[in-house]
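> Structure in structure tokens, see below.
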Amino acid sequence: MAARSGRGAPWADKAAQTAPTGSAAARGDDGGCSFPKENSVPSSTHPTNTSTPSRLALPALLAACLLAAQPAMAQQPGQPGPAGNMPPSSATAVPAPAAAPAPSAALPETKTQGSLRYTCGGISVDESQAMRAAMKDHPLSLLFAAQGGAYLADVQVKLVPQGWGDAGALTFTASGPVCLLDLPAGSYEVEASAGGKEKRQTVMVGKDAKTLDFRF
């Protein structure tokens, strides 16, 4: 069918009549907005639109969000946060090592007479404490003091085994108020002399530690 001269297609006339006055459809152009396609280069005959299309604003919006999040991302764990907000520390407090106990005073020299081994001393406070602590490790211990409680030294001691008499007696001089004795098990008469006074006691020596206290 031959088209009418001077008139367009019927659907074109209807579209022109329904388009609002001043709209792009009525003007027959795109309103001056150009949305370039990806990998396309704008033609020199179509000036570049100065307004930013909505789809090109998305990268800029993302960049702004990342820029705003940088202070929070830069904050490292364990560092102070905003004022008044201190994150809990994950470090574990390590307790200080306990101080080593002070070494005890060394015991005096041990002497030997026949089957008897004895250690006498205890003049100083530290030595006295050390010897008293060691009394439990010896079958017989001897203590010498005055009636008022003062320690005595240079006490003459004689140990007489029961049934042996003076022939089997063991003698020594106590150089301090405490003496630790190691001797065979059995019954002994212990004689101590100091300041012209003499004291005697009988003891059974065995596995359990025994102590004789002489007061002058």
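> Looking at Lys158, Lys136, which one is under 47 Å from the mean Cα position of the chain (by Cα), modelled with pLDDT of 95 or more, of a type in the set (D, E, K, R) and open to solvent by 40 Å² or more (accessible area, probe 1.4 Å)?
One residue alone meets the criteria, Lys136.
> What is the number of the single condition among (1) hydrophobic (A, V, I, L, M, F, W, C); (2) surrounded by 17 or more Cβ atoms within 10 Å (Cβ to Cβ); (3) assigned to a strand (DSSP E or B) that Met131 does not meet?
(3)
> Next question. Given the residues Leu143, Leu170, which is the only one that is open to solvent by less than 60 Å² (accessible area, probe 1.4 Å), closer than 21 Å to Leu107 by Cα and hydrophobic (A, V, I, L, M, F, W, C)?
On the way: Leu170 fails: closer than 21 Å to Leu107 by Cα.
Result of the check over Leu143, Leu170: Leu143.
> Moving on. Do we have Tyr151 as open to solvent by 80 Å² or more (accessible area, probe 1.4 Å), in contact with a strand residue (DSSP E or B) (Cβ under 7 Å, 6 or more places away or on another chain) and under 23 Å from Pro108 (Cβ atoms) here? So that I can check it myself, show each step before the final result.
Details: open to solvent by 80 Å² or more (accessible area, probe 1.4 Å): yes; in contact with a strand residue (DSSP E or B) (Cβ under 7 Å, 6 or more places away or on another chain): yes; under 23 Å from Pro108 (Cβ atoms): yes.
Spelling it out, Tyr151 is indeed open to solvent by 80 Å² or more (accessible area, probe 1.4 Å), in contact with a strand residue (DSSP E or B) (Cβ under 7 Å, 6 or more places away or on another chain) and under 23 Å from Pro108 (Cβ atoms).
The values are calculated or read from the model by the stated rules, or taken from the named source; none is laboratory data. Bear in mind that the values here come from a model prediction, so they are computed numbers and not experimental data. Using ideal geometry, Cβ is built from the backbone for each residue, glycine included, and neighbour counts are taken over all protein chains shown. With ligands, DNA and RNA removed, areas are computed over all heavy atoms of the protein, side chains included. Shrake-Rupley method; radii C 1.70, N 1.55, O 1.52, S 1.80 Å.
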